[in-house]
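**Q** Submitted below is the structure of interest, expressed as structure tokens.
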Amino acid sequence: MSIVEIIALALVKYGPQVARAIYDIFNKPSPTQEDWDKVFAMAEKSYEDYVKK
Amino acid sequence: MRTSLFLLPVLFLAACANLEVNAYRTLATTATVVDATMQGWGDYVKAGKSNADEEALVKKAYVAYQVSMRTARVTVESYHLTKDATALSRVLDALDAAKNALIEQIYSFKL
């Protein structure tokens with residue numbers, strides 16, 4: 001499966017914002033420390049951050 | 001269709017020579033997909049459509065995913081020194097499994 005197909009699947013399943021984010025990820029020739037930090041920060045969101053009103 | 005997105009890490013590692021760039025692509029895509037899925041789950045919970053048992057199951061799966069992501073972080077950071085591609089590959093497989101388990105859990109009862 002090509003990257004284009006993966007991004008297309010992401011667009012259908014998750015919408016344009018996620019598809020665009022994946023496109024940007026693949027267009028980075030070399031991630032910076034800031035890029036890495038953003039990834040790990042995303043994964044550190046607590047469960048409550050998502051469900052709390 | 002959902003299975004195809006789950007195959008992402010394997011495709012990334014097989015396709016390209018630069019392991020660190022591929023690790024970034026795998027981890028970043030995984031985090032992005034999980035974040036989007038959890039946002040959907042959060043909307044579902046806030047709408048009052050879930051019950052306590054379902055929330056407990058999703059929370060457990062999400063915490064397991066976070067543990068895998070932290071392990072991946074340590075392995076990626078140590079890869080600069082160790083150059084242990086096998087360890088990196090193993091950790092990314094474990095992360096993929098945790099991600100899949102979380103998404104499958106949410107989709108098992110989310111309509």
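The values are calculated or read from the model by the stated rules, or taken from the named source; none is laboratory data. None of these values were measured; they are calculated from a predicted model. Quick reminder, even Gly has a Cβ in these numbers, built from the backbone with ideal geometry, and neighbours come from all protein chains shown. Remember, those area values only see protein heavy atoms, side chains included, never the ligands or the DNA or RNA. Shrake-Rupley method; radii C 1.70, N 1.55, O 1.52, S 1.80 Å.
**Q** What is the average number of partner chain Cβ atoms found within 10 Å of a Cβ in B:35-43?
**A** Partner-chain Cβ atoms within 10 Å, mean over residues of B:35-43: 5.
**Q** Separate question: Which whole number gives the average count of other chain Cβ atoms within 10 Å of the Cβ atoms across peptide A:35-44?
**A** Average neighbour count from other chains, rounded to a whole number: 6.
**Q** Compute for chains A and B the buried accessible surface, both sides summed, probe 1.4 Å, and express it in Å² to the nearest 100.
**A** Roughly 3400 Å².
**Q** Right, next: For region A:26-32, take each phi angle, set θ = phi - 60°, evaluate the Karplus expression 6.51 cos²θ - 1.76 cosθ + 1.60, and give the result in whole Hz per residue in order, putting x for glycine and proline.
**A** Listing the rounded values in order: 6, 8, 7, x, 8, x, 8 Hz.
**Q** Hey, what's the Cα Rg ratio for chain A versus the globular rule of thumb, 2.2 N^0.38 Å?
**A** 1.36
**Q** Using the Karplus curve 6.51 cos²θ - 1.76 cosθ + 1.60 with θ = phi - 60°, work out ³J(HN,Hα) for each residue of region B:77-83 in order, rounded to whole Hz, and write x for Gly and Pro.
**A** Using θ = phi - 60°, the values come out as 5, 7, 4, 4, 8, 7, 6 Hz.
**Q** Hey, what's the Kirkwood Rh for region B:15-111 if you take every pair of different alpha carbons, in angstrom?
**A** Evaluated on region B:15-111, it is 14.3 Å.
**Q** Leaving out ligands, DNA and RNA, and with a 1.4 Å probe, what % of the accessible surface on the protein assembly as shown is carbon or sulfur?
**A** Percent of accessible area from carbon and sulfur atoms in the protein assembly as shown: 57.
**Q** Using a 1.4 Å probe, what is the accessible area per residue for chain A, in Å²?
**A** Ligands and nucleic acids excluded, the result is 62 Å² per residue.
**Q** Apply the Karplus curve 6.51 cos²θ - 1.76 cosθ + 1.60, θ = phi - 60°, to the phi angles in region B:30-43 and return the couplings in whole Hz, x for Gly and Pro.
**A** 4, 4, 5, 5, 5, 4, 5, 5, 5, 5, x, 4, x, 4
**Q** Here is a follow-up. Quick one: if you take sqrt(5λ) for each eigenvalue of the C-alpha gyration tensor of the protein assembly as shown, what semi-axes come out, biggest first, whole angstrom?
**A** 26, 18, 14
**Q** Nearest 10 degrees is fine. How inclined is helix A:3-14 to the longest principal axis of chain A, computing both from alpha carbons?
**A** Once rounded, the angle reads 40 degrees.
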